[in-house]
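Single-structure report; data block below.
The values are calculated or read from the model by the stated rules, or taken from the named source; none is laboratory data. Here the structure is a predicted model, which is why all the values come from computation and not from measurement. Here the Cβ positions follow ideal geometry from the backbone for every residue, glycine too, while neighbour counts run over all protein chains shown. Ligands, DNA and RNA are stripped out before the accessible areas are found, and what is left, the full protein with its side chains, is counted by its heavy atoms. Shrake-Rupley method; radii C 1.70, N 1.55, O 1.52, S 1.80 Å.
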Amino acid sequence: MAPLKFNVEKKSSNTKARTATLETPHGTVKTPMFMPVGTLATVKHVAPEDLKKIKSQVVLSNTYHLWLRPGEQVVKQAGGLHRFMNYDGPILTDSGGFQVFSLSQIRKIEEEGVHFRNHLNGDKLFLSPEKAIQIQNDLGADIIMSFDECPPYPATHEYMKDSIERTLRWAKRGKEAHQRPHDQALFGIVQGGAFEDLREAHAKALVAMDFPGYSIGGTSVGEPKDVMNKMIDYTIKHLPEDKPRYLMGVGSVNSIFEGVERGVDMFDCVLPTRNARHGAMMTSEGRINIKNKQYEFDFGPLDPECDCEACTNYSRAYLRHLYRTNEGLGLRLLSIHNLRYLLKLMEDIRLAIEEDRFLELKAEVYEKFGIEKETDKGF
């Protein structure tokens, strides 16, 4: 039995946006979708029960961090991530490749894998394609990722060519090492930086390997927005129509719209919870900073159009008070709201695609957030 079924339901008439259903062993979800990030088997300050209330569909956890703490064997003996974190919906794990290259200052890449230092205590570590897949097999997520190098931006054409050729060999090794193809869908990750010829070559080679889905990697690593959009364009036209496309590490409002418009189905990012911890809130009226003094006597809801726990039960004045006094309840409520905003935005995007008014919705939201063009930094 295939671990994943993907069915495109509606295509936009004037963009590449589309809606689809994605069937996994732990439930069927709708795309385009945003996935909250639960790095250490928990979305910061948000319980699994909260995630269900705000209609989260898929949660992402991190292979590298869970390998270090508590260790994949603990999770395996607990019955897998779903039981360990008490979340019965679909879960996706990344391969750890991004963290190896972003958190470790000293690393040595060789054909077998990567030697690097534990970012917590400096211990020497080694991660290979086989090890990354073994850890993910033990964690037991529904969707898992190939181990890849996440190259820096910018990089030379020569460096990127060598990198994608090695990453392709790693993808093949990882696929051969995959022990649970019947209940875990392994995605290939397309790299190639901002080079159109390398994106095309890498995408076509991975598609020939017939993965159940494909990720667009190497984005959100410091490149300008217009460069990221070109990376998506260069990649997506070489990916199959009948398989999901996942843009990794992207969660700003305008990046989601630009990705959906180009045919992306899946997004993830720490942005909504990280912004909440800094008091930066997304609302139907645009962005606000709950720390601002103007909300001291504001007893209206954070967002009058939002149905989350924070907006239906508490005022801006109270949320500001909780934030300024560093109360845990405040961080929980603000995190819930930002997540719900993005999840509701995806619901609105899906409906707009179904009703063939995606570009109209995009224009409305851009106006509220003061986004004038696709290259704006966004929120």
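Give me the pairs: first residue in the stretch 164-185 and in a loop (DSSP other than H, G, I, E, B), second residue at pLDDT 95 or above and not polar (S, T, N, Q), beta-carbon distance under 6 Å, and six or more apart or on different chains, which are they?
H178/I133; H178/L186; D183/P25; Q184/I144
Taking the stretch 336-368 as the region of interest, how many residues are in contact with a Cys (Cβ under 7 Å, 6 or more places away or on another chain) and not basic (K, R)?
Matching residues across the stretch 336-368 total 3.
Within the stretch 153-180, work out how many residues are open to solvent by 20 Å² or more (accessible area, probe 1.4 Å) and within 19 Å of S128 (Cα to Cα).
So the first thing to find is which residues in the stretch 153-180 are open to solvent by 20 Å² or more (accessible area, probe 1.4 Å), and the list is 153-159, 161-162, 165-166, 168-169, 172-173, 175-180.
Of the ones still in play, those that are also within 19 Å of S128 (Cα to Cα) are 162, 165-166, 168-169, 172-173, 175-180.
Result for the stretch 153-180: 13.
Name the single residue, out of those in the stretch 122-142 being of a type outside the set (G, A, S) and assigned to a loop (DSSP other than H, G, I, E, B), that is least open to solvent (accessible area, probe 1.4 Å).
D142
Could you tell me which residue of the stretch 75-101 is nearest to N118 (Cα to Cα), considering only residues that are over 17 Å from the mean Cα position of the chain (by Cα), open to solvent by 40 Å² or more (accessible area, probe 1.4 Å) and of a type outside the set (G, A, S)?
K76
Tell me yes or no: at least one residue of the stretch 17-26 is modelled with pLDDT of 95 or more, over 15 Å from A141 (Cα atoms), of a type in the set (D, E, K, R) and open to solvent by 50 Å² or more (accessible area, probe 1.4 Å).
no
Report yes if K5 is surrounded by fewer than 18 Cβ atoms within 10 Å (Cβ to Cβ) and under 30 Å from G330 (Cβ atoms), otherwise no.
Working: surrounded by fewer than 18 Cβ atoms within 10 Å (Cβ to Cβ): yes; under 30 Å from G330 (Cβ atoms): no.
Considered against the rule, which asks whether it is surrounded by fewer than 18 Cβ atoms within 10 Å (Cβ to Cβ) and under 30 Å from G330 (Cβ atoms), K5 comes out as no.
List the number of the failed condition for A317; all other conditions in (1) in a helix (DSSP H, G or I); (2) in contact with an Asp or Glu (Cβ under 8 Å, 6 or more places away or on another chain); (3) closer than 24 Å to M35 by Cα hold.
In the conditions (1) in a helix (DSSP H, G or I); (2) in contact with an Asp or Glu (Cβ under 8 Å, 6 or more places away or on another chain); (3) closer than 24 Å to M35 by Cα, A317 misses (3) alone.
List, please: which pairs have Cβ atoms under 8 Å, are six or more places apart or on different chains, and start with a residue in the stretch 339-359 that is among the acidic types (D, E) and end with one that is open to solvent by less than 10 Å² (accessible area, probe 1.4 Å)?
Taking only residues 6 or more apart or on different chains, the pairs are E354/T19.
Under 6 Å between Cβ atoms, at least 6 apart or on separate chains: pull out the pairs that start in the stretch 256-268 with a residue that is open to solvent by 10 Å² or more (accessible area, probe 1.4 Å) and end on any residue that is of a type in the set (S, T, Y).
Pairs found: E261/T15.
Given (1) touching a residue at least 40 places away in the same chain (Cβ under 8 Å); (2) small (G, A, S); (3) buried (at least 16 other Cβ atoms within 10 Å of the Cβ), where does G328 come up short, assuming only one miss?
For G328, the failing item is (3).
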